[in-house]
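Read the figures in this text as sums done on the coordinates, not as results from a lab. Keep in mind the model is a prediction, meaning the values are calculated, not measured. Note that each Cβ is placed from the backbone with ideal geometry, even for glycine, and that neighbours are counted across all protein chains shown.
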Amino acid sequence: MTSFPLTFSSEVANARDGGLPIVALESTIITHGMPYPQNLEVARQVEADVRAAGATPATIAVIDGQLHIGLEEKQLIALAQARNVAKLSRADMAVCIATGRTGATTVAATMIAAQLAGIAVFATGGIGGVHKGAEGTFDISADLMELAQTPVTVVAAGAKAILDVPKTLEVLETQGVPVIAYGQDSFPAFWSATSDLKAPLRLDSAEDIARAHQTRVEMGLPGGQLVANPIPSDAEIPAATLAPVIAQAQQDAETHSITGKGVTPYLLQRIFELTEGRSLTANIALVRNNARLAAAIAALLATGEP
Ligand code: PSU
Ligand code: MN
């Protein structure tokens, strides 16, 4: 932990005082990942899920140059409706803070904030990864390099099928990131519970995941863990149903020359339209599922003896 000034919500400040478990939540999923008003409903619901599972939610964002760890209700509402909010990763977070602006945190930036705040566990939907065609565009999310250097356990539903998932797994392996499927052998594919790729590691309990996190801390290993938690089967969209939709969305992204930071939000929005909202329903179910597992891991870590 550093002396960098953080602004805690009253709920998170209380949890810190009491040594209670805290789960970090990102804000890019609110500003760039889902449409209003569902984004606000989901943000509230996910916070409630974390509480119901015995931990305190800390939604992270930069507001007017302040790094917030936990948002008050009014701030959450404002962020969910705000337009032209920056999408912050490792590269641009400090500039946003230094210039007094507002930005939502991606997985990478949320991990940085969580570490500054001493929060060990973070729940999200899916991480960024290696995009299809990366051999030409070099579009590889900074989330992967962040997992290699910042000691936070990230619970996600695997990697989205809009990515090149085999290449994403290769980069994670090269970077020394443990990729742990929860309760199954297959690496989950975000909207689908399984893929035809085997996850490098498998653990079947929150206890084992918490212990592995603790062991890395004791060994002094930098970097986090990626926990790949499959979407509940009643909410999944079969990969075969999604494949043509994703191909169409990718085609449209190319036609409209979408590049850089715009790619992921564009594809998510297009897939939402093409599936008539079904992708969003699945996305909500998987984020909530991740919030519950993250809370269980955080609660075990908070005991000091997972
Ligand atoms: N997964 C989702 N919704 C999202 C994102 C991921 O289901 O909105 C966001 C996360 O914040 C992630 C970011 O860190 O997209 C990755 O963006 P990029 O591919 O530009 O690195
Ligand atoms: Mn990118």
Relative contact order, percent, of the chain when contacts are C-alpha pairs under 8 Å separated by at least 6 residues?
20 percent
Contact order relative to length for the stretch 54-209, counting C-alpha pairs under 8 Å separated by 6 or more residues, stands in percent at 16 percent
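Taking the DSSP beta bridges in the chain as the whole, what percent of them are antiparallel, to the nearest 5?
Details: 11 of 37 bridges.
Roughly 30 percent of the DSSP beta bridges within the chain come out antiparallel.
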Nearest-20 debye value, the chain charge dipole, Cβ charges on Lys, Arg, Asp, Glu
380 debye
Show me, for the stretch 119-134, the HN-Hα J-couplings you get by feeding each phi into the Karplus relation (A = 6.51, B = -1.76, C = 1.60, θ = phi - 60°), rounded to Hz, glycine and proline as x.
9, 8, 10, 9, 10, 9, x, x, 7, x, x, 7, 6, 4, x, 4
In the stretch 219-294, the GluC sites (Glu not before Pro) that sit in a DSSP loop and have at most 12 other Cβ atoms within 10 Å of their own Cβ are E276
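Within 10 Å, count the other beta carbons around each residue, average over each peptide in 177-184, 113-120, and list them highest first. Could you put the intermediate results ahead of the total?
Numbers: 177-184: 20.1, 113-120: 21.6.
Ranked by mean Cβ neighbours within 10 Å, highest first: 113-120, 177-184.
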The answer for W191, listing residues at least 5 apart or on another chain whose modeled amide H is closer than 5 Å to its amide H, is A161
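Where the only charges are on Cβ atoms (+1 Lys, Arg; -1 Asp, Glu), what is the dipole of the stretch 1-155 about its Cα centre, to the nearest 20 debye? It would help to have the intermediate numbers written out before the result.
Values: 9 positive and 14 negative charges, 30 e Å.
Here the stretch 1-155 has a charge dipole of around 140 debye.
Rounding to the nearest 20 debye, state how big the charge dipole of the stretch 212-306 is about its Cα centre with +1 on each Lys and Arg Cβ and -1 on each Asp and Glu Cβ. Show your work: numbers first, answer last.
On the way: 6 positive and 8 negative charges, 32 e Å.
In debye, rounded to 20, the stretch 212-306 gives about 160.
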To the nearest Å, what is the center-to-center distance of the stretch 14-46 and the stretch 137-209, using C-alpha atoms only?
21 Å
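Antiparallel as a % of all DSSP beta bridges within the stretch 14-121, to the nearest 5?
Rounded to the nearest five, the antiparallel share is 45 percent.
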Checking understanding here: applying a Kyte-Doolittle mean of at least -0.5 and a length along the axis of at least 18 Å (C-alpha), which whole DSSP H helices in the chain pass?
239-255, 278-302
Could you pull out every one of the lysines with an alpha carbon less than 26 Å from that of K74, ignoring same-chain neighbours closer than 8 positions?
K87
Give me the aspartates and glutamates in straight-line cross-link reach of K167: C-alpha distance below 16 Å, same-chain residues under 8 apart excluded.
E135, D139, D143, D196
Footprinting proxy, S257, S186: sorted fewest to most Cβ within 10 Å, the residues are S257, S186
The stretch 186-242 - percent relative contact order, Cα under 8 Å, separation 6 or more
49 percent
